[in-house]
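Below you'll find the structure, written out as structure tokens, and then a few comments.
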Amino acid sequence: MPDLLTTVILPFDKLSTEQLYALLRLRSEIFVVEQMCIYQDVDDKDRQAEHLLCYQGEALVGYARLLPPGLSFPGPSIGRVCVASEYRGLGYAQHIMRAAIAHTPRCKAPLEIGAQVYLQAFYARLGFTPSSEPYDEDGIMHIDMQYPTANDA
């Protein structure tokens with residue numbers, strides 16, 4: 001159950017070596033190996049982001065990267081959302097996204113994500129709406145989606 005989770009949100013310079021290793025390993029396991037997608041996961045955006053780490057006990061079970069306005073989209077954005085394969089189907093992705101949305105500062109520009117198309121319905125249930133046509137990114141179909149701004153909510 002998501003209530004058994006511990007969620008920690010830290011800027012890059014506050015991550016311990018172990019936390020950084022664990023989140024990079026999880027991202028690589030999912031986005032490079034599992035999805036068979038060769039791309040540069042580690043980028044300079046990590047240094048400017050906040051990192052949401054979701055633990056069950058000592059195990060890192062999920063992660064999301066929280067980006068400030070102007071780095072990926074005009075407004076703030078959430079990316080690299082993932083749950084370790086052995087913890088899927090337990091509601092952890094929804095827990096991670098709700099925590100990420102709650103932590104993201106609301107401003108005039110909408111909160112945006114570049115979602116994998118097959119997850120569009122999941123993000124729609126959280127309140128996101130499509131803001132682009134589907135597009136190919138690194139061999140995987142994506143769609144940009146927006147969450148209502150403070151003025152829209």
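The values are calculated or read from the model by the stated rules, or taken from the named source; none is laboratory data. Remember, predicted model here, so these are calculated numbers, not experimental data. Ideal geometry is used to build each Cβ from the backbone, glycine not excepted, and the neighbour counts take in all protein chains shown.
Report yes if residue 52 is touching a helix residue (DSSP H, G or I) at 6+ places or on another chain (Cβ under 8 Å) and buried (at least 18 other Cβ atoms within 10 Å of the Cβ), otherwise no. In short, yes.
If you filter region 58-90 down to residues that are within 18 Å of residue 10 (Cα to Cα) and either in contact (Cβ under 8 Å) with a residue 60 or more places away in the chain or outside any strand (DSSP E or B) (or both), you find that the one that is farthest from the chain's Cα centre (by Cα) is 58. Looking across region 110-141, the residues that are small (Gly, Ala, Ser) and modelled with pLDDT of 95 or more come down to 114, 115, 121, 124, 127, 131, 132. Number of residues in region 95-150 that are within 24 Å of residue 6 (Cα to Cα), more than 14 Å from the chain's Cα centre (by Cα) and in a loop (DSSP other than H, G, I, E, B): the value is 3. I want to confirm something. Restricting to region 7-40 and keeping residues that are modelled with pLDDT of 95 or more, out of contact with any Leu (no Cβ under 7 Å at 6 or more places or on another chain) and not in a helix (DSSP H, G or I), which single residue is surrounded by the most Cβ atoms within 10 Å (Cβ to Cβ)? Step by step, filter region 7-40, then rank; the result is 15. Of the residues 41, 144, 136, the single one that is over 18 Å from residue 10 (Cβ atoms) and touching a Gly at 6+ places or on another chain (Cβ under 8 Å) is 144.
Where residues in region 5-57 are hydroxyl-bearing (Ser, Thr, Tyr) and without any contact (Cβ under 8 Å) to a residue 40 or more places away in the chain, which of them is nearest to residue 87 (Cα to Cα)?
The first filter runs over region 5-57 and keeps only residues hydroxyl-bearing (Ser, Thr, Tyr), leaving 6-7, 16-17, 21, 28, 39, 55.
Keeping just the survivors that are without any contact (Cβ under 8 Å) to a residue 40 or more places away in the chain gives 16-17, 21, 28.
Details: 16: 23, 17: 23, 21: 19, 28: 16 Å.
This residue is 28.
I'd like to check something: does region 8-24 contain any residue that is under 14 Å from the mean Cα position of the chain (by Cα) and either within 21 Å of residue 137 (Cα to Cα) or of a type in the set (Gly, Ala, Ser) (or both)? Yes, region 8-24 contains at least one residue that is under 14 Å from the mean Cα position of the chain (by Cα) and either within 21 Å of residue 137 (Cα to Cα) or of a type in the set (Gly, Ala, Ser) (or both).
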